[in-house]
1. Restricting attention to the stretch B:28-66, which trypsin sites (Lys or Arg not before Pro) occupy a DSSP loop and are surrounded by at most 13 other Cβ atoms within 10 Å?
2. Give the long-range amide H neighbours of B:ILE15: residues separated by 5 or more places, or on another chain, with amide H under 5 Å away, using H modelled in the peptide plane at 1.01 Å from N.
3. Over the C-alpha atoms of the stretch A:2-69, what are the Rg and the largest Cα-to-Cα span, Dmax, in Å?
4. Per residue, how much accessible surface does the stretch B:2-233 expose to a 1.4 Å probe? Answer in Å², no decimals.
5. Only Cα pairs under 8 Å and at least 6 apart count here; give the relative contact order of chain B as a rounded whole percent.
6. Going through the stretch B:487-587, which trypsin sites (Lys or Arg not before Pro) have at most 15 other Cβ atoms within 10 Å and a DSSP loop state?
7. Within chain B, which DSSP H helices have Cα atoms that stretch 18 Å or more along the helix axis and a mean Kyte-Doolittle hydropathy of at least -1.0?
8. Counting only protein heavy atoms and using a 1.4 Å probe, what share of the accessible area of the protein assembly as shown belongs to carbon plus sulfur, as a whole percent?
Amino acid sequence: MVVNVKLVGLFQTGRFKQKDREYPAGIKVQDVINELKLPQQHFGIVLVNGVHADIDTVLTEGDHLVIMPIVDGG
Amino acid sequence: MKFQTTDPAANPTAILYKRCTIDLRSGDMSFADIPCRNLEDVLGGFGRSFQDLAEREIENAYCEENPLIVNTGLLTGSSVMTGMRTYFSGYSPIKGSKAGLPAAMWSTGSGRFGAKFKWTGLDELIFENRSEKPVYVVITETDAGPQVALKPAEHLFGLSTHDKIMALQKGYADAHFAVIGQAGENWQNNYMGAVALSTENQLKEHEDKSRFAGRGGMGSLMGYKNILALVAQSSDKFKPLSEAIKQVNLNVIKGGGSARIQPLSRGGGGGTWAAYDVLQEFHAVPVNNFRPQGNDIPEQLFRENVEKEYNIKSQACYRCGITCHNNISEKNADGSKGEFLAKFDYEPLNLFSTNIGIHDAGQAARLIQLGDNYGMDAISLGVTISYALSYNERHPEKTILNGATFGDYEKIRELIIQAGEGTLPEIGQGSMRLSQRLNETSYAYHVKGLEIAAYQPETNPGYIWAIAGGHMSMGTYGLLTREGKSDLESWVRGITEDKLHIVGFDMIGLCKFFDITKGIGTQMVVDCLKSELDLDVSTDDIRAAVRRAFLRGLALELRQGYTKAEFCLPAEVSENPNQNIKLPNITSREFIEKLEKRVWEIFEPELEGLFD
Ligand code: SF4
């Protein structure tokens, strides 16, 4: 299945900004994070189709996944 | 401080702090070892100063009875990472109720002044009355204990914050400095004066790299008292690092707390600037006076775009491994670093760029630098200017001031200069007064008279209960954007339980980046207190003390005449909801009314008897 993945901020470095990517059915957000080797300590926000989700969310065909680093004041 | 107990929660009076009180009118000064009243006093910062402020009934910030209290926290000057904070407290010239009474306020900054101050042996300095002539104050460590002297300061008058520090540095070795700029000197017309605190990098490189205690106009209060600078002169007194502190410091650097603040080159998130990328995903980066337009305009200030043309270097306060300062300089033709411009923290960056229609990093940096050198709070200044620009956009036929509009760099620059020099009270006195004068208050982005930080109010109704402005005294700014919470229960819990604990950092002497999500009621802090000071205190005791201190702040607001109706967000937020923001609407009138009811039901019973 195809999932549109958008990476925000430092996650783009050495990867991409936004891409359609092919994944097996039943894959979770955590699997995408692992596959892209995103640094865990910066992991902050996940949106699936514009709605906050978590790393256990199961993705389905055509989903739009946004992965963002943490934002925390300052 | 003197410690005659290891149990500060049970025996606070067995812990004494050294206070010097100076009568600026007569020059008299007295020293005393004061027993702590409670754990808040022991922790220090605003936890202590607000109890003292509560003992005074002040009707006008610029009156002789309004003290300026300078103090530190229990871990200021310790080996614990970020232990650099100095606190300035008093009744604020800028933050006040509609009844006309000034609010109690504190402001804090890092740099190295706080540690040097603590190492002189003094814990608190209270300035009473005002000096007839400009003075600066020298606090020195001697064998007989701390000594304090008042010195004539005519030669410093009119200098910028940086130039004052450079001038003082010539006369005082082994010292650090807390100074005001021209804005604070022009306190009559400028209520947003900040206090600049010198950094090691500033003294070594002679570049204007101060840190600032900006909020609430404590620099203007200092100016009213005719104090242009404080000098703290002492030798360094870092204890050797214990295993426990080493472990804590390592946790702070490697743990989740500060990872996003670390430089990109060290695998970090690149500082608070990174908020731009994340908030833009929700179209929640403030644009043109807090009205995001749903377009990609904020992306021009993304770090990756700025880096192409400017040199960015991460620096830190002395010995801090968090390295949160993103210093931006011109880039020479060969790619090397050119002239230093300014620090790019998220707040000043946004408020002097996208939120005033400036999308050029160099111009934004120049404006930040200008405001810093005049010694003005970047948040109050940026937001008051954005209000004026918004007014002019709405009234092209009868503009105010110099007619500046969004993006007009030269005219905005002119406004900053005039405000800094005290010739433009319309800007210098803040957005609440300006909007009241113009009778258009709905789009003045302040809460309780203090301008809000660069997080859209639509994302943070917690601003309503922040006791010292913005998001840094109520840590709910990420509840919607980061955690996706839009239900009433989460917000009630956030405001009344977890997120108010952010203010604990403004007691103990540490930066919030030490552990911004958890506050100071943690095992890490317990370990630090044991290792550094041999104090046994539980996380529960710390949390209880922080909560009491927060509630005291709320009670003081009510005592200074705030009505509940004044605990509100800018009206535009609910009157004209911004459809461009891609987040659930949690600032509708209905939601806010329910939230207010629930929050006050919890807070109100706890406020009773706090000042008995
Ligand atoms: S976190 Fe930043 S401001 Fe605080 S001490 Fe470290 S470098 Fe300084």
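The values are calculated or read from the model by the stated rules, or taken from the named source; none is laboratory data. The structure presented is a predicted model; accordingly, all values stated were derived computationally and were not measured. Virtual Cβ from ideal backbone geometry, glycine too; neighbours counted across all protein chains shown. Only protein heavy atoms, including side chains, enter the accessible area calculation; ligands, DNA and RNA are left aside. Shrake-Rupley method; radii C 1.70, N 1.55, O 1.52, S 1.80 Å.
1. Here the sparse-neighbourhood loop sites are B:ARG37, B:ARG56.
2. Amide H to amide H, under 5 Å and 5 or more residues apart or across chains, B:ILE15 pairs with B:GLN4, B:CYS36.
3. Here Rg and the maximum Cα pair distance are 10.6, 28 Å.
4. 30
5. 16
6. Numbers: sites: B:ARG493, B:LYS499, B:LYS512, B:LYS518, B:LYS530, B:ARG543, B:ARG547, B:ARG548, B:ARG552, B:ARG559, B:LYS564, B:LYS582; in loops: B:LYS518, B:LYS582.
Passing sites in the stretch B:487-587 are B:LYS582.
7. Correct list, ordered by number: B:361-374, B:378-394, B:539-559, B:589-607.
8. 48
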